[in-house]
Amino acid sequence: MTIPTSSWTTVTPSQYAWEQDGLDYLRTGMDPIGGTWHVWTNFEFQARSGAIYEVDALVLSPMGLWLVEIKSIPGHLRQEDGLWVFDEKGRRPKTIENPVFLANRKAKALKGLLQDQLGGGRGRIPWITPVIFCNGKQLHFELTGADAMHVALIDSHNAVKRGQANSIIKVLSTGQLAGGNDRTPRQVDRRD
């Protein structure tokens, strides 16, 4: 089932095919019957600190508010000393900083900005949970334990089927991140 157009706001069209593939996957996988859903995609905001952040998707689901960062890099994904390393046959490994940390900073900064827009204490902004959505079909997922938290894959990925990784649709629908999320999800409604 596809989320209706009225619940999907494309702030800026994606410039990247892999990112658009991830957004399309989210849009077709979300069940609008299951409660309140709204998605805002590809927008930037300036934090109180002056930093400018880009967000791939902000998802309001029945079980929370999620900042989704989309990554689509092929190869074997492993963690090494706080870095993500993508090993692809015949190529030099690609190393990036663990994107969970930046997504978490973005989520906190966005919550602060939204709280300011509400006038500080008036109104309440739900917790914004960061999640990295690795939508690559050619990804060999080798993260485990705490390194796999806040990371989700497409539902058909073997690591999801084995219970080694989170399913992005399940995370957004249930509020549960496998691997130690001890924060009890609270249902979100339009009055929050």
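The values are calculated or read from the model by the stated rules, or taken from the named source; none is laboratory data. Keep in mind that this is a model prediction, so the values were computed, not measured. Cβ atoms come from the backbone with ideal geometry, glycine included; neighbour counts cover every protein chain shown.
At-a-glance table
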{"quantity": "Test: residue in region 51-65 that is touching a Gly at 6+ places or on another chain (Cβ under 8 Å), in contact (Cβ under 8 Å) with a residue 60 or more places away in the chain and not in a strand (DSSP E or B)", "calculated": "yes"}
{"quantity": "Flag if Ser7 is of a type in the set (S, T, N, Q), under 18 Å from the mean Cα position of the chain (by Cα), within 21 Å of Ile125 (Cβ to Cβ) and surrounded by 19 or more Cβ atoms within 10 Å (Cβ to Cβ)", "calculated": "no"}
{"quantity": "Condition check for Ala178: at pLDDT below 90, closer than 24 Å to Leu58 by Cβ and surrounded by 19 or more Cβ atoms within 10 Å (Cβ to Cβ)", "calculated": "no"}
{"quantity": "Residues that are among the small types (Gly, Ala, Ser), surrounded by fewer than 23 Cβ atoms within 10 Å (Cβ to Cβ) and at pLDDT 95 or above, drawn from region 53-88", "calculated": "none"}
{"quantity": "Hey, Trp40 over 18 Å from Cys134 (Cβ atoms) and hydrophobic (A, V, I, L, M, F, W, C) or not", "calculated": "yes"}
{"quantity": "Region 102-119, subset in contact with a strand residue (DSSP E or B) (Cβ under 9 Å, 6 or more places away or on another chain) and surrounded by fewer than 18 Cβ atoms within 10 Å (Cβ to Cβ), residue nearest to Gln46 (Cα to Cα)", "calculated": "Leu113"}
